[in-house]
Amino acid sequence: MMYGSTHSKIDLAIEYQAQVPALRPSIRARRANITVKFQDLYGFTVEGNVDDVNVLNEVREKVREQGRVWWSLEASKGVNWYLQTQLNSTLKSSLKFSVLVNAITLKRLIRKGIPPSLRPKVWFSLSGAAKKKSTVPESYYNDLTGAVEDKVTPATKQIDQDLPRTFPGHPWLDTPEGHSALRRVLVGYSFRDSDVGYCQGLNYVAALLLLVMKTEEDAFWMLAVLLEDVLVNDCYTYNLSGCHVEQRVFKDLLTKKCPRIAAHLEAMEFDVSLVSTEWFLCLFSKSLPSETTLRVWDVLFYEGGKVLFNVALAIFKVTDLFSFLFFHFDFS
């Protein structure tokens, strides 16, 4: 039969359609093999395939949409409208409706992500860092760092060793200027709180705070409020007692919320704290992309240390879901 006939055209169409699904995976595979490198909003190099970039662009567009919401609220409610959400005893007794509405709105907005341009001032206000700074003379930070600049202690020695290990390759942090700024923040705090001094892990936290807050002094006060008010006590002291308590609590939560994963890890005789301790000490700054980590910190500075448990559980729940799909469905 000649290919020009109607019947032959239908046969060819059916044959072509049958081949299309087989072509799509190969196209996806080629896309997956194309590696793209670029810098994120905070200067970190991100590496992924084309699909990863598309997902990141979608996330960034949602962040831009959130930014428009924040700016609209500032225009209608005032520049510092979010400061009116603090429910002190007087407001609680009066049950002022507008304050309650603002509080609910703010919590929802923060969970969706604070726009990067607003992040420094929102963090500084809502975390309590601004209030903490206001209790000391304005020259406190400069006086402190100037007084301890040439001091040598076990903490300063460890800090000097960790500076080049902190996000190596970053275009600003991994430079003499970046090292100097990070050193002043860490050394300054080691003298402010001798019980903490310096603990490995704080270098990553302080470095990310520097990138967000833009100034050393603001980063210092954010570190102070984080260690003194937001997180569990004694997380970074010499014996890490607070961190050990957190790990025991997290193991119990994992057993309750993700029993399949917990049972599997127990059968392997794998101690989950070998992974989760770094998550809690570095506040996910070494484990998640910077933009994801800062979304976690948005909520952390507003809702407190419980957020770390929720994020750690979420990671294991995602792992549990993928393992379930892998073992119950044939993806070949």
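The values are calculated or read from the model by the stated rules, or taken from the named source; none is laboratory data. No experiment lies behind these values; they were computed from the predicted model shown. For neighbour counting, all protein chains shown are included, and Cβ atoms are generated from backbone atoms with ideal geometry for every residue, glycine included. Calculation scope for accessible area: heavy atoms of the full protein, side chains included, ligands and nucleic acids excluded. Shrake-Rupley method; radii C 1.70, N 1.55, O 1.52, S 1.80 Å.
Quick look at the numbers
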read-out: Unmet requirement for D195, which otherwise passes all of (1) open to solvent by 70 Å² or more (accessible area, probe 1.4 Å); (2) out of contact with any Ser or Thr (no Cβ under 6 Å at 6 or more places or on another chain); (3) at pLDDT below 95; (4) not in a helix (DSSP H, G or I); value: (2)
read-out: Test: S285 is buried (at least 17 other Cβ atoms within 10 Å of the Cβ), polar (S, T, N, Q), out of contact with any Ser or Thr (no Cβ under 7 Å at 6 or more places or on another chain) and at pLDDT 90 or above; value: no
read-out: Selection status of T292, under 21 Å from L231 (Cα atoms), open to solvent by 60 Å² or more (accessible area, probe 1.4 Å) and polar (S, T, N, Q); value: yes
read-out: Matching option when the condition is within 18 Å of L294 (Cβ to Cβ), in contact (Cβ under 8 Å) with a residue 12 or more places away in the chain and open to solvent by less than 10 Å² (accessible area, probe 1.4 Å), among L186, L182; value: L182
read-out: Selection count where residues are of a type in the set (V, I, T), modelled with pLDDT of 65 or more and part of a helix (DSSP H, G or I), scope region 69-98; value: 2
read-out: Residues (of a type outside the set (A, V, I, L, M, F, W, C), open to solvent by 80 Å² or more (accessible area, probe 1.4 Å) and either in contact (Cβ under 8 Å) with a residue 40 or more places away in the chain or within 30 Å of G128 (Cβ to Cβ) (or both)) located in region 32-87; value: Q39, T45, K62, R64, E65, R68, S76, K77, Q84, Q86
read-out: Those residues of region 99-147 which are in a helix (DSSP H, G or I), in contact (Cβ under 8 Å) with a residue 24 or more places away in the chain, aliphatic (A, V, I, L, M) and closer than 19 Å to W71 by Cβ, in sequence order; value: L106, L109, I110, V122, L126
read-out: Residues (open to solvent by 20 Å² or more (accessible area, probe 1.4 Å) and modelled with pLDDT of 95 or more) located in region 214-226; value: T215, E216, E217, D218
read-out: Failed item in (1) surrounded by 14 or more Cβ atoms within 10 Å (Cβ to Cβ); (2) in contact with an Asp or Glu (Cβ under 9 Å, 6 or more places away or on another chain), with S241 passing the rest; value: (1)
read-out: Residue list for region 153-166, filter: touching a residue at least 12 places away in the same chain (Cβ under 8 Å) and either within 21 Å of E217 (Cβ to Cβ) or among the basic types (K, R) (or both); value: A155, T156, I159, L163, R165, T166
